[in-house]
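The values are calculated or read from the model by the stated rules, or taken from the named source; none is laboratory data. Model, not experiment: these values are computed from the prediction. So basically every Cβ, Gly included, is an ideal-geometry build from the backbone, and we count neighbours across all protein chains shown.
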Amino acid sequence: MNKDMGNSSVVFTGLVDEYVQYRPRYPKIFLDQLLDSFHVDGSGRLLDLGCGPGTVTLDMRHRFHEAIGVDPNEDMYKAACIQKDREKADNVQFQLMRAEDISEKLGSFQLVTCVSSLHWMDRRLVLQKAHQLLTDVGGIAIWGMGSFWARREKWQEIMIDIVKKYLGLERRGSEVMNRKPSHQIVVKEEGFKNVEMLKYPIVQTWDLERIMGYLYSSSFAAKELFGDQLPEFDREVRDALQTFSPENHFEDHITINVIVGWK
């Protein structure tokens with residue numbers, strides 16, 4: 001199947017198992033610090049746009065009276081519902097929906113979040129609608145953990161150079177979409193106040209299996225992109241990373257950049 005790699009409603013179809021298993025979760029201390037900045041006290045409501053399999057929605061639910069996550073991909077929606085049932089998250093709802101289709105039918109919210117998702121969307125339309133759904137003291141938070149493509153570490157450079165060898169120099173998927181002007185500028189232009197960038201440094205640790213799982217859960221290195229060359233690609237990456245770190249320990253020093261703004 002040839003997917004439209006610029007369409008989030010289909011690009012992650014078939015990738016959800018890897019996505020759930022191998023995408024790292026955000027540290028609780030980071031989420032708590034971020035929610036503290038919005039004075040979240042357990043009484044408000046959360047709207048998580050482009051929630052994927054619902055992991056972040058679920059990880060934030062304890063700080064809200066109710067949390068709603070929406071995503072346009074059916075596989076992601078089903079995975080979110082499974083995770084909700086597994087965690088007995090009674091105050092969480094998931095809806096199969098484009099962020100562009102949110103409306104007052106969902107109610108009002110103290111916080112709207114977009115986690116590694118706004119670049120898939122019609123940013124201005126989504127931000128306009130999100131602004132309308134916020135309470136008078138509500139706000140928005142937009143962030144992501146960044147991608148291996150950013151090449152922060154030497155082992156990531158090695159890996160991405162091999163991806164480029166097989167798939168070409170241009171990055172595939174969402175990375176060509178909705179990046180300019182920056183999210184921060186667009187948030188300001190759509191009427192949010194006191195817009196700023198908060199920075200949270202963290203260190204993620206990886207092993208080889210988690211690295212490969214993450215790669216194959218991405219839009220830029222999904223397995224189907226490699227065709228018949230997938231076994232050769234997989235072997236080359238594994239050999240290179242095992243040579244780089246025979247002890248199978250890889251560190252990724254990340255600064256999570258969070259754009260925040262208030263109504």
Qualifying residues in region 206-226 (those that are closer than 18 Å to Arg171 by Cβ and in a helix (DSSP H, G or I)) - the one nearest to the chain's Cα centre (by Cα) = Tyr214
task = Scan (1) under 30 Å from Pro181 (Cβ atoms); (2) basic (Lys, Arg); (3) touching a Ser or Thr at 6+ places or on another chain (Cβ under 9 Å) for the single condition Lys84 breaks and write down its number.
result = (1)
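Okay, residues lined up against (1) among the aromatic types (Phe, Trp, Tyr); (2) under 25 Å from Lys193 (Cβ atoms); (3) modelled with pLDDT of 95 or more; (4) crowded, with 16+ Cβ neighbours inside 10 Å:
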residue	(1), (2), (3), (4)
Leu34	no, yes, yes, yes
Phe38	yes, yes, yes, yes
Asp41	no, yes, no, no
Arg45	no, yes, yes, yes
Asp48	no, yes, yes, yes
Gly54	no, no, yes, yes
His65	no, yes, yes, no
ask   = Assuming Val92 fulfils every condition listed in (1) out of contact with any helix residue (DSSP H, G or I) (no Cβ under 8 Å at 6 or more places or on another chain); (2) at pLDDT 95 or above apart from one, which condition is it?
value = (1)
Condition broken by Trp155, with the remaining ones in (1) farther than 23 Å from Phe64 by Cα; (2) assigned to a loop (DSSP other than H, G, I, E, B); (3) hydrophobic (A, V, I, L, M, F, W, C) satisfied = (2)
ask   = Pro24 fails exactly one of the following numbered conditions: (1) under 21 Å from Lys88 (Cβ atoms); (2) not in a helix (DSSP H, G or I). What is the number of that condition?
value = (1)
request  = Please identify the pairs in which a residue from region 148-174 that is farther than 18 Å from Asp234 by Cα has its Cβ atom under 8 Å from the Cβ atom of a residue that is at pLDDT 95 or above and of a type in the set (Phe, Trp, Tyr), counting only partners at least 6 apart or on another chain.
outcome  = Glu153/Phe250; Lys154/Phe244
query = When you go through Ile160, Ile202, Ile211 one by one, which is the residue that is touching a Leu at 6+ places or on another chain (Cβ under 7 Å) and either among the hydroxyl-bearing types (Ser, Thr, Tyr) or more than 20 Å from His119 (Cα to Cα) (or both)?
reply = Ile211
inquiry  = Condition first: part of a helix (DSSP H, G or I) and basic (Lys, Arg). Now tell me which residues in region 65-124 satisfy that.
reply    = Lys78, Lys84, Arg86, Lys105, Arg123, Arg124
inquiry  = Every residue in region 189-214 that is buried (at least 18 other Cβ atoms within 10 Å of the Cβ), at pLDDT 95 or above and not hydrophobic (A, V, I, L, M, F, W, C), please.
reply    = Glu190
Index of the failed condition, Thr57 passing every other in (1) farther than 27 Å from Ile254 by Cα; (2) among the β-branched types (Val, Ile, Thr); (3) in a helix (DSSP H, G or I) = (1)
key: Flag if Lys165 is surrounded by fewer than 17 Cβ atoms within 10 Å (Cβ to Cβ), part of a loop (DSSP other than H, G, I, E, B) and basic (Lys, Arg)   = no
